[in-house]
Structure formats: structure tokens, C-alpha cells
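Student: Below you'll find the structure I mean.
Taken together, the values in this text are just the output of simple stated rules run on the coordinates, not laboratory data. Keep in mind that this is a model prediction, so the values were computed, not measured. Cβ placement follows ideal geometry from the backbone for every residue including glycine, while neighbour counts extend to all protein chains displayed.
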Amino acid sequence: MNKNIYLCGCVKNCAPYLEKNLNHMVEIGKLFNDYKIIISFDNSDDNSLNIINNFKKHNNKLILLDNQNKLSNNRVINICNARNAILNKIREIKDNNYEFFIMMDMDNRFHQK
């Protein structure tokens, strides 16, 4: 049986940790037979989009969802909309070989021991 995973995250102004977090997602993905990274991006004031696009040039497993809708003043609503966009994309893909899904916090660094 294939053990495949979707590794997902919402990005808005996450540049300080973004490259490291994306690399951690790749390392987690290597623990499975296959993986896809799905990032939902909201317009940022930093270079988050440049980091994602540069990463995508070297990793064809990244799917970028670039939200062009107007954002709410409520951060929780924006995060909810981004997560729902990711879930909708997963449903759209219709790949029954992916059994696992992780939503990661992209605006912080992963802790390692």
C-alpha cells in the first residue's frame, strides 16, 4: 500500500521562516512514498511569494494557490479561507493514493531537538 501525504500551509508575511519551513516539509515528505506540498498564499508585504516561486523552480511537488480575493480584516477568517482553498484543491486533485494530510504553521519555525 502506498503511503503518500499532502503537506500544506497558509502563507502571508512568512518570509523569515519560509525557506526553512519548506525544506522541513520536503524532509517530512521523504518519509513517505510520495508527497505534495500545497501552499495557499495571501498577498504579503514581504518577499514570501518570491521565496515560494524560487522554491517551486527546484521542487515540482509544490502547488501554489495564489489568493486574489480581497482579504478580511479578521485574520482568523483569512486563515479559514486559505485552509478551505487547500482542502478544495485536494478534493479537486482526486488522487486516492494520498492517505495523509498535515496542515503546518508557516509563520513560525519548526523546532528541532
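Student: Once you have the Kirkwood Rh of the chain from its Cα pairs, apply Stokes-Einstein at 4 °C and 1.567 mPa s and quote D in µm²/s.
Tutor: 90
Student: Between Glu99 and Val26, what is the spin-label point distance in nm, taking each point 7 Å from the Cα along the Cα→C-beta axis?
Tutor: For Glu99 paired with Val26, the spin-label model returns 2.6 nm.
Student: Could you tell me which of the pairs Lys36/Lys57; Lys20/Lys94; Lys12/Lys94; Lys30/Lys70; Lys3/Lys56; Lys12/Lys89 are separated by over 25 angstrom between their Cα atoms in the structure shown?
Tutor: The answer is Lys20/Lys94; Lys12/Lys94; Lys30/Lys70.
Student: Running a GNM on the chain with Cα contacts under 10 Å, which residue among Lys70, Lys36, Lys61 ends up with the highest mean-square fluctuation?
Tutor: Lys70
Student: Using a Gaussian network model of the chain whose springs link C-alpha atoms within less than 10 Å, name the residue from Asp45, Asp34, Asp95 with the highest mean-square fluctuation.
Tutor: Asp95
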